[in-house]
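K.L.:
Handing you this structure, nothing more for now.
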Amino acid sequence: MEKEQLEKIVKEIFIDVLDKKDIVLTNETTANDIEEWDSLAHIRLVVAIEMKFNTHFSSREIQSWDNVGDMIACIYDKIK
Amino acid sequence: MKDFFQLLKNLKKDFTGFTNCKVAVLGDTSTQFLTQAIRAVGYEKRLDLNVWETDFNQIERQIYDTSSELYAVHPDIIIVFQSAHILLSKYNKLSTDEHDMLASNELSSIENYYAVLSEKLTAKVIYYNYTEIDDHVFGNFASKIPASFLFQLRKLNYELMLFASKNHNFYVCEISTIQNRVGKKTFFHTSIYINYEMVLSVDVIPEIASKTVDLIAALHGNFKKCLILDLDNTLWGGIIGDDGMENIQMGSLGIGKAFTEFQYWIKKLKNRGIIIAVCSKNIESVAKEPFEKHPDMVLQLNDIAVFVANWENKADNLRHIQSVLNIGFDTMVFLDDNPFERSLVHSTIPEICVPELPEDPADYLEYLYSLNLFETTSYSHEDKQRTALYKIEAERKTVQKSFLNEDDFLKSLHMQSLVEPFTTFNIPRVAQLSQRSNQFNLRAIRYTDADIKFFAESEKYFTFAFTLEDKFGDNGMICVIILHKENEQTLFIDTWLMSCRVLKRGMEHFVLNKIAGCAKENGFKYLKGEYIPTSKNEMVQHHYKGLGFESSNEFWRLDVANYEDKKCFILEKYSKVNN
């Protein structure tokens with residue numbers, strides 16, 4: 001899967017889980033930039049991504065993400 | 001079962017009109033998702049659960065501080081979720097010589113919680129039991145060491161059951177058996193635990209919420225009462241009508257084992273108070289044969305309250321079963337291996353619970369276990385008798401359905417009628433019938449106790465009171481006749497009334513045979529009848545015509561000399577006509 005395509009899918013998951021249609025995601029986006037992205041929403045995002053790509057993140061992986069770019073890179077590594 | 005994300009969509013739906021209930025969740029780990037899921041599952045059972053949760057690790061403060069939010073909320077239900085993981089961390093902090101005290105320490109703290117809560121609130125307490133964690137410090141030897149964690153955890157679970165058995169408002173919710181079923185790998189995700197203090201995976205949350213809501217719903221009187229079973233390939237392997245007795249599968253060999261174990265499960269449900277019924281496309285005698293003769297059959301005919309086997313549409317048969325038992329469709333569960341029948345029933349009567357039985361009968365039981373269909377919040381000695389009680393009520397209607405020929409059915413009832421004149425003993429009931437009978441009442445003239453007493457004593461009248469009993473039971477007095485000696489030739493039927501309970505049993509014929517006989521014996525030539533219409537007695541407008549009376553002016557007349565007794569399957573029990 002191309003990275004662009006992956007980004008598109010991840011954005012769809014964010015829209016669905018955060019229930020926010022006009023979301024803007026860049027590699028630098030963090031939870032501080034999106035009001036709806038609180039700690040519970042974060043778990044829902046992680047689980048939804050795990051379900052979508054049929055994968056599982058370790059606790060260390062989850063802790064290592066600082067922004068959306070890290071997240072996508074991590075998913076990309078797992079599924080490529 | 002819906003996944004967590006699908007469930008969350010329920011939260012936006014309309015809960016108006018649902019049963020309202022306040023629920024408090026006290027947990028020692030993060031419970032936000034569980035709380036949302038409980039409300040969402042409530043939607044599917046028409047419960048509007050207002051779920052309030054404490055911040056985690058507040059259990060003690062919320063309970064012991066009676067000015068806390070918990071008491072302000074005044075919940076109907078309090079869910080206490082103390083996790084096995086926190087139990088393990090408590091164990092870890094104890095010194096080695098205190099390890100064997102873990103279970104009893106925890107139990108006494110739970111007992112104290114319950115005591116304080118019961119003193120201040122009327123809420124019911126639902127306590128999640130502990131999912132098993134084996135730290136493998138002792139390996140298999142843990143069983144021999146009371147101080148091992150596994151030993152203490154299991155002891156605590158056992159003690160919780162004992163405590164629940166003695167304390168009315170304390171219920172254990174079995175989340176441990178959910179972990180046994182789905183496996184710890186699905187139940188518990190380390191990354192979620194480490195990062196978010198959640199000991200339940202998002203995958204298992206719907207299961208936990210559902211089992212919790214089953215209990216809450218049962219506490220609100222929402223539970224199943226009746227299990228209706230198909231026969232061929234559901235209760236036994238094969239088709240009795242095609243394969244015959246010797247070839248259907250049951251017993252200890254191969255797939256037969258699955259059916260036998262399934263039957264034992266049903267038998268246990270029956271003994272617990274679930275009403276068992278059969279609804280099968282079959283010839284009744286063929287369908288009943290295995291019950292009567294097959295050596296491996298666990299269920300017997302007397303376990304079945306209503307037995308319906310015919311070729312009619314199953315939805316209609318289920319409606320029949322519902323009307324016989326007189327319970328709601330939403331309390332009924334229907335099991336059938338045939339997806340067509342299931343879908344027919346589900347689409348026609350959506351209130352009935354129709355589990356999607358797996359294709360392989362070997363999977364029936366495990367699948368049904370997972371549904372937790374028969375939640376209850378009480379169990380008494382009477383529950384064991386329930387099927388028998390319903391069976392008596394149901395038998396008459398069921399028997400009628402099974403006879404193609406009405407005469408055969410009537411004969412099988414072994415009906416008997418006691419015929420007596422009015423006496424001091426039956427006068428109150430005669431008067432009551434005269435006052436209350438509306439539909440089957442030819443002239444609808446009402447008489448009081450005093451009037452009835454007058455007829456009883458007068459030389460000018462013959463009086464009859466009829467009872468009807470059959471092999472199922474006694475209906476009591478159901479018919480009253482008063483004959484007036486109008487002149488030397490004519491007996492006038494002043495009163496003919498009957499209870500509608502005994503229509504279509506041939507009672508009219510029995511009565512006419514009786515009174516025509518009375519007329520003949522006493523030298524009268526005619527019986528004279530009259531129909532006076534009222535707003536309610538239309539059903540008898542053709543009564544006399546139907547019985548062979550001839551129209552004569554405003555009245556009806558029967559020539560008793562030429563009268564032949566009508567066919568009737570009621571025997572006279574005892575007669576004492578006053579002359």
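The values are calculated or read from the model by the stated rules, or taken from the named source; none is laboratory data. Keep in mind it's a predicted model, so treat the numbers as computed, not measured. As a convention, Cβ positions derive from the backbone with ideal geometry for all residues, glycine included, and neighbour counts pool all protein chains shown. All accessible areas refer to the heavy atoms of the entire protein, side chains included, with ligands and DNA or RNA removed. Shrake-Rupley method; radii C 1.70, N 1.55, O 1.52, S 1.80 Å.
K.L.:
Evaluate Rg over Rh across region B:192-332, taking Cα atoms for both radii and Kirkwood's formula for Rh.
P.N.:
1.11
K.L.:
Starting from the Cα gyration tensor of region B:304-369, take the square roots of the eigenvalues, sort them a ≥ b ≥ c, and report rounded, prolate or oblate (rounded when a/c is under 1.5, otherwise prolate if a/b is larger than b/c, else oblate).
P.N.:
Here region B:304-369 falls in the prolate category.
K.L.:
Then there is this: For B:Val278, enumerate residues with amide H under 5 Å from its amide H, sequence gap 5+ or separate chain, H modeled in the peptide plane.
P.N.:
Close amide H contacts, sequence-distant or interchain: B:Leu229, B:Val306, B:Phe307, B:Val308.
K.L.:
Tally Lys/Arg at +1 and Asp/Glu at -1 over every other residue whose Cβ is under 12 Å from the Cβ of B:Asp76; what's the total? Don't skip to the answer; put the middle values down first.
P.N.:
Details: positive: B:Lys22, B:Lys124; negative: B:Asp48.
Here the charged neighbours net out to +1.
K.L.:
Is the shape of region A:3-79 best called rounded, prolate or oblate, per the rule: a/c under 1.5 gives rounded, else a/b larger than b/c gives prolate, else oblate, with a ≥ b ≥ c the square roots of the Cα gyration tensor eigenvalues?
P.N.:
Verdict is rounded for region A:3-79.
K.L.:
Taking every pair of distinct Cα atoms and averaging 1/r, then inverting, what Kirkwood hydrodynamic radius in Å comes out for region B:136-242?
P.N.:
Computed over region B:136-242, the radius equals 17.9 Å.
K.L.:
Summing +1 for each Lys or Arg and -1 for each Asp or Glu, what net charge is found among the other residues whose Cβ lies under 14 Å from the Cβ of A:Ser59?
P.N.:
Once all neighbours under 14 Å are counted, the net charge is -2.
K.L.:
Let me ask something additional. Mind checking which of B:Ala123, B:Leu571, B:Leu410 is farthest towards the positive end of the protein assembly as shown's charge dipole, using Cβ charges of +1 (Lys, Arg) and -1 (Asp, Glu) about the Cα centre?
P.N.:
My answer, from the dipole projection, is B:Leu571.
K.L.:
While we're looking at this one, here's another question. Quick check: the distance between the Cα centres of region B:57-90 and region B:280-340, to the nearest angstrom?
P.N.:
Each part's Cα centre sits 47 Å from the other's.
K.L.:
Sort the following peptides by mean Cβ neighbour count (other Cβ atoms within 10 Å, averaged over residues), highest first: B:48-59, A:31-42, B:79-90.
P.N.:
B:79-90, B:48-59, A:31-42
K.L.:
Work out the mean other chain Cβ neighbour count within 10 Å for the residues of B:30-43 and drop it here as an integer.
P.N.:
1
K.L.:
Moving on. Relative contact order of chain B: what whole-number percent is it, with Cα pairs under 8 angstrom and at least 6 residues apart?
P.N.:
Once divided by the residue count of chain B, the mean separation gives 9 percent.
K.L.:
Amide H neighbours of B:Ile478 under 5 Å, counting only residues 5+ apart in sequence or on other chains, H built in-plane at 1.01 Å?
P.N.:
Residues meeting the criterion, in which the H sits 1.01 Å from N, are B:Phe466, B:Thr467, B:Leu468.
K.L.:
Any number yet on Rg/Rh for region B:4-219, C-alpha, Kirkwood? Intermediate results must be reported in sequence, preceding the final value.
P.N.:
Numbers: Rg = 17.4 Å, Rh = 18.0 Å.
Dividing the radius of gyration by the Kirkwood radius yields 0.97.
K.L.:
Let me ask another. Averaged per residue, what accessible surface does chain B expose to a 1.4 Å probe, in Å²? List each step's numbers first, then the result.
P.N.:
Numbers: 27360 Å² over 579 residues.
That works out to 47 Å² per residue.
K.L.:
In debye, nearest 20: dipole of region B:208-315 around its Cα centre with unit charges on the Cβ of K, R (+) and D, E (-)?
P.N.:
Around 660 debye, computed over region B:208-315.
K.L.:
Over all alpha-carbon pairs in region B:1-71, figure out the percentage whose distance exceeds 18 Å.
P.N.:
Tail of the P(r) past 18 Å holds 44 percent of the pairs.
K.L.:
Round to the nearest 0.05 the FRET efficiency obtained for B:Gln439 and B:Ser104 when R0 = 45 Å and r is the Cβ-Cβ distance.
P.N.:
With R0 = 45 Å, the Cβ-Cβ based efficiency is 0.05.
K.L.:
Residues of B:186-192, mean number of Cβ from any other protein chain within 10 Å of their own Cβ, rounded to a whole number? Write out the running numbers ahead of the final one.
P.N.:
On the way: counts 0, 0, 0, 6, 3, 12, 7.
Average per residue, whole number: 4.
K.L.:
Express in whole angstrom the spacing between the alpha-carbon centres of region B:188-238 and region A:1-28.
P.N.:
Rounded to whole Å, the Cα centres lie 33 Å apart.
K.L.:
If you roll a 1.4 angstrom probe over the protein chains with everything in place, what fraction of the accessible area of region B:211-306 belongs to carbon and sulfur, to the nearest %?
P.N.:
Details: 1740 of 3600 Å².
Within region B:211-306, the accessible surface is 48 percent carbon and sulfur.
K.L.:
Consider just the alpha-carbon atoms of region B:411-575 and return their Rg together with their Dmax, both in angstrom.
P.N.:
14.9, 43
K.L.:
For region A:28-37, just list the computed ³J(HN,Hα) in residue order, Karplus coefficients 6.51, -1.76 and 1.60, θ = phi - 60°, integers in Hz, with x standing in for Gly and Pro.
P.N.:
8, 4, 10, 4, 5, 7, 10, 4, 6, 7
K.L.:
Just to be sure I understand: of the beta bridges DSSP finds with both ends in chain B, what percent are antiparallel, rounded to 5?
P.N.:
The antiparallel proportion sits near 40 percent.
K.L.:
Ok, one more. Quick one: pull the percentage of alpha-carbon pairs in the protein assembly as shown with a separation above 32 Å.
P.N.:
The share of Cα pairs beyond 32 Å in the protein assembly as shown comes to 66 percent.
K.L.:
Another one. Can you compute 3J(HN,Hα) from phi for each residue in region B:277-293, using the Karplus curve 6.51 cos²θ - 1.76 cosθ + 1.60 with θ = phi - 60°, rounded to whole Hz and x for Gly and Pro?
P.N.:
Values, residue by residue: 10, 10, 9, 9, 8, 6, 7, 4, 4, 5, 5, 7, 3, x, 4, 7, 10 Hz.
K.L.:
Where does the Debye-calculated log10 I(q)/I(0) of chain B sit at q = 0.11 Å⁻¹, using only Cα point scatterers of equal weight, no solvent?
P.N.:
After summing over all Cα pairs, the log10 values are -1.04.
K.L.:
If you don't mind, another one. Multiply the residue gap between B:Glu459 and B:Glu572 by 0.36 nm, knock off their C-alpha separation, and tell me the result in nm, one decimal place.
P.N.:
Full extension from B:Glu459 to B:Glu572 adds 38.2 nm.
K.L.:
Give me a single rounded figure for A:43-49: the average over its residues of other chain Cβ atoms within 10 Å of their Cβ.
P.N.:
On the way: counts 9, 5, 0, 6, 11, 3, 0.
Mean inter-chain Cβ contacts per residue within 10 Å come to 5.
K.L.:
Just name one of B:Thr260, B:Asn222, B:Gly238: the one whose Cα is farthest towards the positive end of the charge dipole of region B:218-271 (beta-carbon charges, Lys/Arg +1, Asp/Glu -1).
P.N.:
My answer, from the dipole projection, is B:Asn222.
K.L.:
Only Lys, Arg, Asp and Glu count, each charged at its Cβ (+1, +1, -1, -1), so figure out the dipole size of chain B about its Cα centre, rounded to 20 debye.
P.N.:
Its charge dipole is roughly 1400 debye.
K.L.:
What is the Cα centroid distance between region B:498-534 and region B:2-31, reported in whole angstrom?
P.N.:
What the calculation gives is 65 Å, centre to centre.
K.L.:
Moving to a separate point now. What trypsin sites (Lys or Arg not before Pro) does region B:471-579 have in DSSP loop regions with at most 14 other beta carbons within 10 Å?
P.N.:
B:Lys471, B:Lys504, B:Lys536, B:Lys567, B:Lys576
K.L.:
How big is the charge dipole of the protein assembly as shown about its Cα centre, in debye rounded to the nearest 20, if each Lys and Arg gets +1 on its Cβ and each Asp and Glu gets -1 on its Cβ?
P.N.:
My answer is approximately 2320 debye.
K.L.:
Also, I was wondering about something else. What residue among A:Phe53, A:Ile13, A:Asn27 has its Cα farthest toward the positive end of the dipole of region A:1-54, where the charges are +1 on Lys, Arg and -1 on Asp, Glu, each on the Cβ?
P.N.:
A:Phe53
K.L.:
Within a Cβ distance under 15 Å of B:Asn10, other residues only, what is the Lys/Arg minus Asp/Glu net charge?
P.N.:
My count for the surroundings of B:Asn10 gives +2.
K.L.:
Pop out the ³J(HN,Hα) list for region B:161-178 in order, Karplus 6.51 cos²θ - 1.76 cosθ + 1.60 with θ = phi - 60°, rounded to Hz; leave Gly and Pro as x.
P.N.:
Calculated HN-Hα couplings, in order: 5, 4, 4, 4, 5, 9, 10, 3, 9, 10, 10, 9, 9, 7, 7, 5, 6, 5 Hz.
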